[in-house]
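Only the coordinates and a few stated rules stand behind these numbers; no lab work does. Predicted model only: the values in this text are computed from it and were never measured. A quick note on method: Cβ atoms are made from the backbone with ideal geometry, for glycine too, and the neighbour counts reach across all protein chains shown.
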Amino acid sequence: MKNNGFRYSKAMGQCFLIDGNIPEKIVRLSGIGGSDRVLEVGPGAGALTLALSRAAERVTAVELDVRLLPALRDALAGTDNVDVIQGDILKLDIRKLAEEKMPGRSRHVCANLPYNITSPAIAALVESRVFGTITVMVQREVAKRICAEPGDPDYGAFSVFARYHTEPEILFYVPPECFYPRPSVHSAVVKMSVRKDALLGPAEEAMFFRVVRAAFGQRRKTLVNALCAAFGGSAAKAGIAEAVRACGFDERARGEELGVDGFIALSSEIGSEIR
């Protein structure tokens, strides 16, 4: 990177791994190998890319920063199973990319995600429904939010999203000294095993996430009051309270007490109330 005159961009959330053991550990714990095709987002200087190239059949690396491409080409010299694409993962058609560059059924994601696109990138990758697992390094606080369970302080709408679509787990934590420039936060590697089939149909799923967003939109409010704020124009408070009771929840309950199954039941009841 120094030879290519590269300068780091804080605006792009760039922190690069300098501990050579971490990429190998990520790949090993991700379970990637054999005939797997892997998508990497934000390869940076190529530390994780190289580890992936040694384990997987083929790697497709998407890098936004065009200034990094010369350094990445130098790092990957001698590899013949890595495709580097310059582009923004948030603007690419992920399904089309996977079909063209990653033919076959064994597709996975493994990446040290740029901090500034973590949540939208994970959402886009999950919702594409073309990957078996998504293993990413993120800020420790984000990892806790992804893997939080009902009642946890970190539990929120994104936790429900993650658990609706995947089975998430924190693999290990990574301290700041493993990066350059050194970030002010700790990191964690999360593995999300994507569910093969959606839990709900499209219409029911839309209502499910509408209810989830409403429940966490005003966390200090009870579930009934939070839902009334979102659905008050379509359903009376009495009807919403009845829907909450019908699911076995106290009217004073709050969104952070409900798991995915609870929100599925509640969204079905709410949907019946406002039809």
*Computed FRET efficiency, Cβ-Cβ of Ala77 and Arg195, R0 35 Å: what is it to the nearest 0.05?*
0.35
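Suppose we keep just the DSSP beta bridges with both residues in the chain; what percent of those would be antiparallel, to 5?
Numbers: 17 of 35 bridges.
That works out to approximately 50 percent antiparallel.
Determine the dipole magnitude for the chain: charges of +1 sit on the beta-carbon of Lys and Arg, -1 on that of Asp and Glu, nothing else is charged, the reference point is the Cα centre, and the result goes in debye to the nearest 20.
Its charge dipole is roughly 480 debye.
For Ala265 and Glu167, FRET efficiency with R0 = 22 Å and r from the beta-carbon atoms, rounded to 0.05? Each step should come with its number before you reach the end.
Values: r = 20 Å, r/R0 = 0.91.
Between Glu167 and Ala265 the formula returns 0.65.
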*Which angle between 0 and 90 degrees, to the nearest 10, do you get for helix 21-30 versus the longest principal axis of the chain when only C-alpha atoms count?*
50
*Using a simple spin-label model with points 7 Å from Cα along the Cα→Cβ vector, what separation in nm is obtained for Ala246 and Arg105?*
3.9
*Between segment 96-164 and segment 39-73, what is the C-alpha centre distance in whole Å?*
18
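Under 1.5 on a/c is rounded, so check that first for the chain, then, if it is not, pick prolate when a/b is larger than b/c and oblate when it is not; a ≥ b ≥ c are the square roots of the alpha carbon gyration tensor eigenvalues.
prolate
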*For the pairs Lys2/Lys144; Lys101/Lys191; Lys101/Lys196; Lys96/Lys144, note any where the Cα-Cα span goes beyond 26 Å.*
Lys2/Lys144; Lys96/Lys144
*asked:* Percent of Cα-Cα pairs more than 18 Å apart in segment 31-82, please.
replied: 22
*Please give the helix 260-274 orientation as an angle from the longest Cα principal axis of the chain, in degrees from 0 to 90, rounded to the nearest 10.*
50
*Considering only Ala241, Cys228, Met207, whose Cα is most displaced toward the positive end of the charge dipole of segment 202-274, charges sitting on Cβ of Lys, Arg (+1) and Asp, Glu (-1)?*
Cys228
